[in-house]
Amino acid sequence: MTGPERAVQLWQVLIAAAHDRRTLTYRLLGETIDLAPSLLAAPLGLVARYCAAKQWPPLTVLVVQAGDGRPGAGFAWATDADGAREAVYEHDWFKLRPPSAADFALIDDIGIGAAIE
């Protein structure tokens, strides 16, 4: 499965989590889509970059470390993770056209948000 295809999987899981107002650990997210937590960074980056390009709250703020419940050190999409998480919870994700693998591939190909990662 390609990185953009994995990003589509993550999108589905993350908008469901946002709807339920919950966070997910890297381990749980990896188990949900059958991907090692160490391999989540690239597809999570695509989701974060897509959200940034659309000027939407960063869905990836919902993915947290098991120990402290905070986003990982690589999360650079908001200075206030708690505020960003609330914005994610309040956003109407299910009313939006969901991105396709092609949408995520385009974000990657043209480098949108790549400097922030």
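The values are calculated or read from the model by the stated rules, or taken from the named source; none is laboratory data. Note that the coordinates shown come from a computational prediction; the quantities given were computed from them, not determined experimentally. Using ideal geometry, Cβ is built from the backbone for each residue, glycine included, and neighbour counts are taken over all protein chains shown.
Here are some notes:
- Selection of the range 16-27 for residues being crowded, with 19+ Cβ neighbours inside 10 Å and either touching a Phe, Trp or Tyr at 6+ places or on another chain (Cβ under 7 Å) or not hydroxyl-bearing (Ser, Thr, Tyr) (or both) yields 17, 18.
- Test: residue in the range 5-23 that is closer than 21 Å to residue 109 by Cβ and among the acidic types (Asp, Glu): yes
- Among the residues of the range 25-50, those identified as of a type in the set (A, V, I, L, M, F, W, C) and under 11 Å from the mean Cα position of the chain (by Cα) are 29, 40, 41, 42, 44, 46, 47, 48.
- Applying the criterion of being more than 15 Å from residue 18 (Cβ to Cβ) and basic (Lys, Arg) to the residues of the range 32-82, the residue that is modelled with the highest pLDDT is 49.
- Pairs where the first residue, in the range 4-25, is at pLDDT below 95 and the second is surrounded by fewer than 21 Cβ atoms within 10 Å (Cβ to Cβ), C-beta under 8 Å, 6+ apart: none
- Residue count, the range 1-52 (criterion: assigned to a helix (DSSP H, G or I), closer than 20 Å to residue 102 by Cβ and of a type in the set (Val, Ile, Thr)): 5
- Beta carbons closer than 7 Å, at least 6 apart along the sequence or on distinct chains, pair a first residue in the range 83-109 that is more than 22 Å from residue 22 (Cα to Cα) with a second that is assigned to a helix (DSSP H, G or I) and of a type in the set (Asp, Glu) for 101/5.
- Which listed residue is within 13 Å of residue 93 (Cβ to Cβ) and in contact with an Asp or Glu (Cβ under 9 Å, 6 or more places away or on another chain), from 43, 57, 37, 4: 57
- Residue 41 meets each of the listed conditions (1) within 19 Å of residue 108 (Cβ to Cβ); (2) touching a Phe, Trp or Tyr at 6+ places or on another chain (Cβ under 9 Å); (3) surrounded by fewer than 21 Cβ atoms within 10 Å (Cβ to Cβ); (4) not hydroxyl-bearing (Ser, Thr, Tyr) apart from (2).
- Taking the conditions (1) of a type in the set (Gly, Ala, Ser); (2) buried (at least 16 other Cβ atoms within 10 Å of the Cβ); (3) touching a residue at least 12 places away in the same chain (Cβ under 8 Å) in turn, residue 30 satisfies each one other than (3).
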